[in-house]
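Everything on this sheet refers to the single structure shown next.
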Amino acid sequence: LVRAPREDNKGAARFQARQKAEGARRRPGRARPLAGTPPPHTRPGGISMRSLATMACWLRATAAVDVAAFERATRLRVLHASRAVVVVDKPAGLRSVPAYGPTDELIRDHAARFAAGERDLEAKFERPTRRERWCAVARELRELPPALRRRCDSLPRTRTKFLKFCGGPAGGRLDEAAALAAWETMRAAVASREVEEGMEESDSVLSRVQRDAGFVDACPVHRIDVATSGCLAVALDGAAAADLSAQWRDRDVCKTYEAVVAGVVASDAGDVDLPLRRVGASIRRQGRPSRVVVAEADEPLARASRSSYAVSTRGADRTVLALTPHTGRLHQLRAHCAALGHPILG
């Protein structure tokens, strides 16, 4: 259950007061979206150019999401849609946000060389991090404005921050069109470099919303494991993302998961209050177990974690549980069910 993002006129009034105090002129796209009423400063006596720009932004922001077109573009079922947030039914096997890694071809090449007994494969297949690749491309890209090339080590990798950086003194105070052109140039060059190195970005809900549905400012509010299906909320702009993230942070959101666990759970309901810690990257893991383990409360990296469960149905060798996480640790429910002696199946 998610509360709709706040859309009252008080937020717009605070935004206008802050802009006035800073002495900045309002630009298209900077106005805070309102719900149901035009911006407060639009007066019937006359409309200024500033009012027209803000009104255009307000009309774009209040446009409803075309659910049918959204579903066709993303191949996802929409459970709820507004101008601020879209809730989709994430299928199992699809990531919530993109993951980054080698292509299947590169993996097969590595496996073949390893089977042939070739040595020093780790050095031969080493790839730069995404940050290192981004900075290297910015340093070498001749089409990039000189001010951005000089600050290649400071260039943000997200669209909103990149455009803001370009408009500031460090980015050469580029206008909106030049900043957008620089962003597209960087994205294309980085994508080409990734293909050359055999790296790719996996399919995900967020990438479909941003790329296929056209909501380039969409932000993830929460995540669901790749092997889990369920409701996934995606904020369509930064203001909605901040408001919804605050709800998750303040634990105002009620989440319930249905899981099939091994064995017959004796108690009808109960709580699991066990601290968890992440498994270090240096520890070799066999198969695909959870990346967190139950820890002692006094361990340095242990984090308090609490979950509750209630039995829905019992079978001969398995039980269906309704699980409620009260904290949001990585793979918390899997770790807690395993600690009960009833690991989640699948």
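The values are calculated or read from the model by the stated rules, or taken from the named source; none is laboratory data. Predicted, not measured: the structure shown is a model, and the values here were computed from it. Cβ sites come from the backbone with ideal geometry, for glycine too, and all protein chains shown count toward neighbours. All accessible areas refer to the heavy atoms of the entire protein, side chains included, with ligands and DNA or RNA removed. Shrake-Rupley method; radii C 1.70, N 1.55, O 1.52, S 1.80 Å.
For the reader, a short list of remarks on this structure follows.
- Some residue of the stretch 239-246 being surrounded by fewer than 16 Cβ atoms within 10 Å (Cβ to Cβ) and touching a residue at least 40 places away in the same chain (Cβ under 8 Å): no
- Any hit, the stretch 146-157, residues being within 30 Å of Arg223 (Cα to Cα), assigned to a loop (DSSP other than H, G, I, E, B) and of a type in the set (Ser, Thr, Tyr): no
- Taken together, Val279, Val292, Val272 contain a single residue that is modelled with pLDDT of 95 or more, at negative phi and open to solvent by less than 90 Å² (accessible area, probe 1.4 Å), which is Val272.
- Subset of the stretch 152-170 (residues that are under 15 Å from Ala138 (Cα atoms) and over 26 Å from the mean Cα position of the chain (by Cα)): Ala170
- Index of the failed condition, Glu143 passing every other in (1) under 29 Å from Pro220 (Cβ atoms); (2) touching a helix residue (DSSP H, G or I) at 6+ places or on another chain (Cβ under 6 Å): (1)
- Among the residues of the stretch 178-228, those that are acidic (Asp, Glu) and either open to solvent by less than 60 Å² (accessible area, probe 1.4 Å) or touching a residue at least 12 places away in the same chain (Cβ under 8 Å) (or both) comprise Glu194, Glu197, Glu200, Glu201, Asp203, Asp212, Asp217, Asp225.
- Only one entry of Leu330, Leu301 meets the criterion of being closer than 30 Å to Ala218 by Cα, in a loop (DSSP other than H, G, I, E, B), without any contact (Cβ under 8 Å) to a residue 60 or more places away in the chain and not hydroxyl-bearing (Ser, Thr, Tyr), and that entry is Leu330.
- Conditions (1) without any contact (Cβ under 8 Å) to a residue 60 or more places away in the chain; (2) touching a Lys or Arg at 6+ places or on another chain (Cβ under 6 Å); (3) not β-branched (Val, Ile, Thr): number failed by Gly168: (2)
- Note on the stretch 249-276: residues that are hydroxyl-bearing (Ser, Thr, Tyr) and part of a strand (DSSP E or B) total 1.
- Residue match in the stretch 250-268 (condition: open to solvent by less than 60 Å² (accessible area, probe 1.4 Å), touching a Lys or Arg at 6+ places or on another chain (Cβ under 6 Å), on the phi < 0 side of the Ramachandran plot and not hydrophobic (A, V, I, L, M, F, W, C)): no
- Of all the numbered requirements in (1) within 17 Å of Ala233 (Cα to Cα); (2) modelled with pLDDT under 95, Leu76 misses one, and that requirement is (2).
- Residue in the stretch 159-167 that is closer than 30 Å to His110 by Cα, open to solvent by less than 70 Å² (accessible area, probe 1.4 Å) and not hydrophobic (A, V, I, L, M, F, W, C) present: no
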